[in-house]
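**Student:** Just dropping this structure here.
The values are calculated or read from the model by the stated rules, or taken from the named source; none is laboratory data. In this text, all values refer to a predicted model and were calculated from it rather than measured experimentally. Ideal geometry is used to build each Cβ from the backbone, glycine not excepted, and the neighbour counts take in all protein chains shown. Remember, those area values only see protein heavy atoms, side chains included, never the ligands or the DNA or RNA. Shrake-Rupley method; radii C 1.70, N 1.55, O 1.52, S 1.80 Å.
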Amino acid sequence: QVQLVESGGKLVQAGDSLRLSCAASGRAVSGIAMGWFRRTPGKEREIVAAIGRRGIGTYYLDSVKGRFTISSDNAKNTVYLQMNSLKPEDTAVYYCAYSTVLIGIPPASTYRGWGQGTQVTVSS
């Protein structure tokens, strides 16, 4: 069983940068695919970024390409989401989750292990 704890969210201004962390326990992040999702009121949860098992391959939502970067630190068993040039439309609760699909970037429906999330609010 993998437990995930997200942190790093806060209130920032448009154009600022922020780094979210997802600390994992119960399994090495290097052996699983990891993803960052976000949810805003009235919208479906959407996958923002993902990194494949062993760090092979990444995926980004079109609206965050070039601004967000997903990475992992195997020594700390933590996955990060570096968010630059933040926009008000990035405001959401951000969650991390994992998938045991072995190859490539798993479909969003295969992720599980949701934490409580961390709130990111971007003011204009």
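**Student:** Hey, can you tell me all the residues within region 24-57 that are under 19 Å from G104 (Cα atoms) and within 12 Å of the chain's Cα centre (by Cα)?
**Tutor:** The answer is A33, M34, G35, W36, F37, E46, I47, V48, A49, A50, I51.
**Student:** Please work out which one of (1) under 11 Å from the mean Cα position of the chain (by Cα); (2) surrounded by 20 or more Cβ atoms within 10 Å (Cβ to Cβ) is the condition S21 fails and give its number.
**Tutor:** (2)
**Student:** Return the residues of region 1-18 that are open to solvent by 50 Å² or more (accessible area, probe 1.4 Å) and more than 19 Å from F68 (Cβ to Cβ); say none if nothing qualifies.
**Tutor:** Q1, Q3, V5
**Student:** Tally up the residues in region 24-60 that are in a strand (DSSP E or B), open to solvent by 30 Å² or more (accessible area, probe 1.4 Å) and among the basic types (K, R), please.
**Tutor:** Residues flagged as in a strand (DSSP E or B), open to solvent by 30 Å² or more (accessible area, probe 1.4 Å) and among the basic types (K, R) within region 24-60 amount to 1.
**Student:** Of everything in region 69-107, what is touching a residue at least 24 places away in the same chain (Cβ under 8 Å), among the aliphatic types (A, V, I, L, M) and surrounded by fewer than 16 Cβ atoms within 10 Å (Cβ to Cβ)? Give them in sequence order.
**Tutor:** V101, L102, I103, listed by residue number.
**Student:** Could you please tell me which pairs satisfy a Cβ distance under 8 Å, a separation of 6+ or placement on different chains, a first residue in region 16-42 that is without any contact (Cβ under 8 Å) to a residue 40 or more places away in the chain, and a second residue that is open to solvent by less than 50 Å² (accessible area, probe 1.4 Å)?
**Tutor:** G26/V2
**Student:** Can I ask one more? Quick check on my filter: what residues within region 1-28 are among the aliphatic types (A, V, I, L, M), modelled with pLDDT of 95 or more and touching a Phe, Trp or Tyr at 6+ places or on another chain (Cβ under 9 Å)?
**Tutor:** Answer for region 1-28, where residues must be among the aliphatic types (A, V, I, L, M), modelled with pLDDT of 95 or more and touching a Phe, Trp or Tyr at 6+ places or on another chain (Cβ under 9 Å): L4, L20, A24.
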